[in-house]
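Could you have a look at this structure, given as structure tokens, before my questions?
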Amino acid sequence: MNEHKNHIDIFVFVSVIALLVFSLAAVYSASSTFSFAKQNDFSYFFRSHTIKVLIAFAALILGMNINYQWYKKLTKKVIIVSVILLVITFIFGTVAKGANRWLSFGILSFQPSEIGKFALIFHLAFLLEQKANMLDNFSKGFLPLLIWTGVVAGLVMMQPSFSTGAMICLISLTIFFVGNVRIKHLILVVVSIIPILALYAVSAQYRLNRILSYFGQSDSTNIMNYQVTQAIIGLGNGALFGVGPGQSRQRDFFLPESYGDFIFAIIGEEYGFIGATIILAIFVLIMIRGIKIAKRAPDLFGRNLAVGLTSAITLYALVNTGVASGVFPTTGLPLPFLSYGGTSMLLSAFAIGVILNISKHTDIIVREQGFNEIENNEPIVGQVYK
């Protein structure tokens with residue numbers, strides 16, 4: 001029997017803490033002008049963001065200290081509650097920018113779509129382990145997973161939020177692939193869903209405008225085209241070393257959502273290509289370490305859960321930074337741990353905590369045979385080492 005020290009993945013932990021701390025400076029700089037204009041206080045949004053960062057840190061610690069196996073008995077209950085919340089949001093949600101994406105209870109507001117996204121990841125991870133021996137059977141093995149994915153993604157798109165719904169589909173497909181769903185079933189799903197998503201994408205004028213803007217076929221005054229143009233100007237202003245912390249010009253009413261969805265442009269302007277590259281490198285490191293944790297997870301649930309949660313963080317980062325640099329059409333997705341906001345930051349931090357808890361269980365006292373199998377990237381199904 002080999003004994004290994006019980007520890008978390010320090011690379012992931014330090015990376016996320018660094019992003020949370022850095023977000024304080026980034027949000028303060030990006031929001032100060034808007035904060036003064038709206039509240040006559042340069043620090044209004046900064047104080048709110050600081051509270052959210054502290055809560056996110058608490059969520060991270062909480063996720064680290066709860067045995068991830070415990071979630072198995074909760075996944076179905078939580079996803080049912082999340083679906084109910086999505087239905088309530090569709091009917092009674094707070095309308096912002098033409099969409100019902102928020103539920104408000106007094107001073108408390110949150111986005112049920114974020115809850116639904118993470119609830120789905122947990123439930124799919126559980127179902128893939130539970131139905132591991134039935135996945136070759138489409139109706140009994142794979143179909144139930146597709147139904148849950150379709151319900152959550154469909155309700156999110158009805159808000160409407162095409163980008164979040166599409167990301168939920170992409171994250172689910174990633175989990176399916178890692179969860180050993182048959183390739184022919186995955187191909188069938190992809191071939192079926194692409195036309196549906198394409199039709200939905202052009203079914204509303206504002207979504208069509210985003211696509212046309214991306215291909216340069218819309219008026220230059222179009223708000224979508226304007227945002228991306230101003231973001232690219234900000235990144236260009238930053239050059240190699242940046243204009244310096246707090247010296248951004250684009251934050252001064254040139255770039256809408258400068259402290260939210262487009263904060264990466266402000267970071268690139270103030271800290272330059274080097275600063276922006278460091279941020280991207282941190283997310284790449286989280287992705288690499290997350291995959292490694294998944295490979296060494298002691299069971300299928302841990303493996304699928306680590307992959308799903310890692311994908312939810314890093315794919316969002318990829319798309320957000322791609323939008324800010326003009327690589328992808330405008331989506332409205334936040335940059336994890338850095339964008340101003342509460343629901344996404346809280347749940348993303350908790351998700352990282354869960355990943356770290358899985359990493360702890362890969363190194364608890366294991367038998368010689370089990371350890372060798374983990375080193376060979378072969379999960380030990382149904383075992384948790386104690």
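Considering only region 182-202, how many residues are part of a loop (DSSP other than H, G, I, E, B) and either over 22 Å from Pro144 (Cβ atoms) or polar (S, T, N, Q) (or both)?
The first filter runs over region 182-202 and keeps only residues part of a loop (DSSP other than H, G, I, E, B), leaving 182, 202.
Imposing the further condition that a residue be either over 22 Å from Pro144 (Cβ atoms) or polar (S, T, N, Q) (or both) reduces the set to 202.
Count: 1.
Answer yes or no as to whether Ala324 is under 18 Å from Lys117 (Cβ atoms), crowded, with 24+ Cβ neighbours inside 10 Å and either modelled with pLDDT under 95 or small (Gly, Ala, Ser) (or both).
Judged against the criteria, Ala324 is not a match.
Restricting to region 327-343, count the residues that are farther than 19 Å from Val284 by Cα, polar (S, T, N, Q) and surrounded by 23 or more Cβ atoms within 10 Å (Cβ to Cβ).
1
Then there is this: Is region 132-144 home to any residue that is among the aliphatic types (A, V, I, L, M), assigned to a helix (DSSP H, G or I) and surrounded by 17 or more Cβ atoms within 10 Å (Cβ to Cβ)?
No, region 132-144 contains no residue that is among the aliphatic types (A, V, I, L, M), assigned to a helix (DSSP H, G or I) and surrounded by 17 or more Cβ atoms within 10 Å (Cβ to Cβ).
Among the listed residues Ala153, Ala166, identify the single one that is without any contact (Cβ under 8 Å) to a residue 40 or more places away in the chain, buried (at least 17 other Cβ atoms within 10 Å of the Cβ) and in contact with a Cys (Cβ under 9 Å, 6 or more places away or on another chain).
Ala153
Can you confirm whether Ile107 is aliphatic (A, V, I, L, M), over 28 Å from Ser359 (Cβ atoms) and out of contact with any Ser or Thr (no Cβ under 8 Å at 6 or more places or on another chain)? Lay out the reasoning, then the answer.
Working: aliphatic (A, V, I, L, M): yes; over 28 Å from Ser359 (Cβ atoms): yes; out of contact with any Ser or Thr (no Cβ under 8 Å at 6 or more places or on another chain): yes.
Taking the combined requirement at face value, the residue satisfies it.
Next question, about the same structure. What number of residues within region 211-225 satisfy the criterion of being at pLDDT 65 or above and buried (at least 17 other Cβ atoms within 10 Å of the Cβ)?
Residues in region 211-225 being at pLDDT 65 or above and buried (at least 17 other Cβ atoms within 10 Å of the Cβ): 4 in total.
Turning to a different aspect of this structure: Quick one: which of Leu315, Leu347, Leu305 is at pLDDT 95 or above and closer than 19 Å to Trp102 by Cβ?
Values: Leu315 fails: closer than 19 Å to Trp102 by Cβ; Leu305 fails: closer than 19 Å to Trp102 by Cβ.
Just a single option satisfies the conditions, and that option is Leu347.
Separate question: Just give me the residues in region 225-247 being in a loop (DSSP other than H, G, I, E, B) and either under 18 Å from Arg210 (Cα atoms) or touching a Gly at 6+ places or on another chain (Cβ under 7 Å) (or both), in sequence order.
In the first step, residues of region 225-247 are kept if they are in a loop (DSSP other than H, G, I, E, B); the result is 239-247.
Those that are in a loop (DSSP other than H, G, I, E, B) and either under 18 Å from Arg210 (Cα atoms) or touching a Gly at 6+ places or on another chain (Cβ under 7 Å) (or both): Ala239, Leu240, Phe241, Gly242.
Just to verify a result, which residue in region 64-115, among those that are among the small types (Gly, Ala, Ser) and part of a helix (DSSP H, G or I), is surrounded by the most Cβ atoms within 10 Å (Cβ to Cβ)?
Among those residues, the one meeting the criterion is Ser113.
Still on this model: Residue by residue through region 306-325, note down the ones that are touching an Asp or Glu at 6+ places or on another chain (Cβ under 9 Å) and in contact (Cβ under 8 Å) with a residue 60 or more places away in the chain.
The answer is Val323, Ala324.
Also, quick follow-up: Identify the single condition in (1) part of a loop (DSSP other than H, G, I, E, B); (2) modelled with pLDDT of 95 or more that Ile147 does not satisfy, given that it satisfies every other one.
Going through the list (1) part of a loop (DSSP other than H, G, I, E, B); (2) modelled with pLDDT of 95 or more, Ile147 breaks only (1).
Residue by residue through region 157-174, note down the ones that are more than 14 Å from the chain's Cα centre (by Cα) and assigned to a helix (DSSP H, G or I).
Met157, Phe162, Leu173
The values are calculated or read from the model by the stated rules, or taken from the named source; none is laboratory data. If you're wondering where the values come from, they're calculated on a predicted model, not measured in any experiment. Neighbour counts run over all protein chains shown; Cβ positions are idealised from the backbone, glycine included.
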